[in-house]
């Protein structure tokens, strides 16, 4: 070793502070999800029409759709926390994909049934713009809090981590939307919901890519 290297080691040994070990990723994900659940539960209790939602949720098709939507959000958040650590396999990114596919399939089936009953009404845009605004408005604060936690791990693949986090928060927002959705989802609604999710995943991945390029520069 050179004298400069020896000097650096001595300075680090004399001045470096111990690094606080992060909690296990599953625990960190669980704590964040618990906080989000409490905030969304308060929002639903204060502003949602629970009687209307209960009538809609009695339909098994909607119940299945809700389960897969929520599971997609939960599993994507867990995958993001796992991927934020450098020793985790990239295969964690596959964790939410099965439930995402089942969410899309179950929603598509509900839309098809709605189209059979109501005809061309299933292609009307209607209040889909309000759905888009809701998903984005709920996703933004959730994403900010999630990114703050994920950055503490200094992930080696921040774009992948951010994309998983974006999928997680957008799916959770889409789940929360159903408590305020006064009618069954149509094909246009589903398209807008999925577009909002895709937009948010792309936006978070883009932010991470810009931050990564700046840190390298």
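One residue stands out in the range 161-189 among those that are assigned to a helix (DSSP H, G or I) and surrounded by fewer than 21 Cβ atoms within 10 Å (Cβ to Cβ): the one that is modelled with the highest pLDDT, namely 177. Looking across the range 71-85, the residues that are in a helix (DSSP H, G or I) and crowded, with 19+ Cβ neighbours inside 10 Å come down to 72, 73, 74, 75, 76, 77, 78, 79, 80, 81, 82, 83. Please give the number of the condition residue 93 fails out of (1) closer than 27 Å to residue 58 by Cβ; (2) surrounded by 20 or more Cβ atoms within 10 Å (Cβ to Cβ); (3) at pLDDT 80 or above. It fails just one condition, (1). Condition check for residue 91 on (1) part of a helix (DSSP H, G or I); (2) touching a helix residue (DSSP H, G or I) at 6+ places or on another chain (Cβ under 9 Å): one failure, at (2).
When you check residue 62 against the structure, is it over 13 Å from the mean Cα position of the chain (by Cα) and buried (at least 19 other Cβ atoms within 10 Å of the Cβ), yes or no? I'd like the intermediate steps shown before the answer.
On the way: over 13 Å from the mean Cα position of the chain (by Cα): yes; buried (at least 19 other Cβ atoms within 10 Å of the Cβ): yes.
The answer is yes for residue 62.
List the pairs whose first member sits in the range 39-60 and is within 11 Å of residue 179 (Cα to Cα), whose second member is at pLDDT 90 or above, and whose Cβ atoms are under 6 Å apart, counting only residues at least 6 apart or on separate chains? Matching pairs, first to second residue: 40/176; 44/179; 48/179; 53/179.
The values are calculated or read from the model by the stated rules, or taken from the named source; none is laboratory data. Computed from a predicted structure; not experimentally measured. Neighbour counts are summed over all protein chains in view; Cβ atoms, including those assigned to glycine, are modelled from backbone coordinates with ideal geometry.
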